[in-house]
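Please treat every number below as a calculation from the coordinates, not as lab data. All values reported here derive from a predicted model rather than from experimental measurement. Please note: Cβ atoms are built from the backbone with ideal geometry, for glycine as well, and neighbour counts cover all protein chains shown.
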Amino acid sequence: MVFSPDGTQLALVANTGDVWVYAVSPTELTLSAAFSFPNSFQFGMRFSPDGGQIALATANNAIAPPLNGARGSIYSIAFRADGRVLAVIDSLGELWLWDTARALPIGQPVKAHHVAFDLAFVGQDDQLVTVGASPTISLWDFSPERASDYLCHITNRDLTPEEWALFIGQDIVTYTPICADRLR
């Protein structure tokens with residue numbers, strides 16, 4: 001069960017894969033949508049920050065809305081505060097980021113040092129925290145500053161606009177030559 005951020009919607013999911021979304025008012029609940037993911041035990045469900053989307057994490061590596069890539073059971077999902085990025089942790093310990101507007105992965109998954117069962121964006125949305133069974137807590141830093149330092153160190157040059165679009169995503173971060181000042 002999960003409420004939309006503004007509290008006007010309630011979503012319920014059954015272990016059969018059935019999902020019901022209700023409009024919430026002070027006096028009643030009204031069914032506004034229902035859909036199903038048959039044979040798909042649900043591990044997690046989240047509303048996007050604007051309440052316009054619901055993301056589901058399932059045992060058969062499905063993510064709704066359909067996002068392809070994850071190979072293991074999806075244990076947890078989280079939206080970035082602006083709703084443009086969805087983070088997913090799977091049973092193989094892979095952390096995936098998706099561009100929600102294009103329904104495409106952002107780069108390749110990052111391999112965790114442990115299997116994590118939950119995750120959340122923190123701070124200014126450039127960090128994720130994952131929690132595992134061991135109990136292990138990991139902090140993942142996806143800040144643009146750290147990423148640009150790493151890219152400049154590895155490539156020893158600026159990415160081309162084409163490489164930027166492929167590896168960073170033009171829709172996520174506008175192309176900018178970032179290494180000139182770092183390589184002097």
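Quick rundown of the values:
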| quantity | calculated |
| --- | --- |
| Under 5 Å, built H, 5+ apart or other chain: amide partners of Asp18 | Phe37 |
| For the chain, built as a Gaussian network whose Cα springs stay under 10 Å, the top-fluctuating residue of Ala81, Ala59, Ala165 | Ala165 |
| Reported label for calculated Rg and Dmax of the Cα atoms in Å given (1) 15.5, 49; (2) 15.3, 45; (3) 18.2, 65 | (3) |
| Relative contact order (%) - the chain, alpha-carbon pairs under 8 angstrom, separation at least six | 10 |
| Neighbourhood charge, 15 Å Cβ-Cβ cut-off, centred on Ser73 and excluding it, Lys, Arg +1 and Asp, Glu -1 | -2 |
| Electrostatic dipole magnitude of the chain [Cβ: Lys, Arg +1; Asp, Glu -1; Cα centre; debye, to 20] | 320 |
| Highest-fluctuation residue, Ser134, Ser91, Ser148 considered, GNM on the chain with Cα pairs under 10 Å | Ser134 |
| Nearest-ten-degree value, helix 144-155 long axis tilted from longest Cα axis of the chain | 50 |
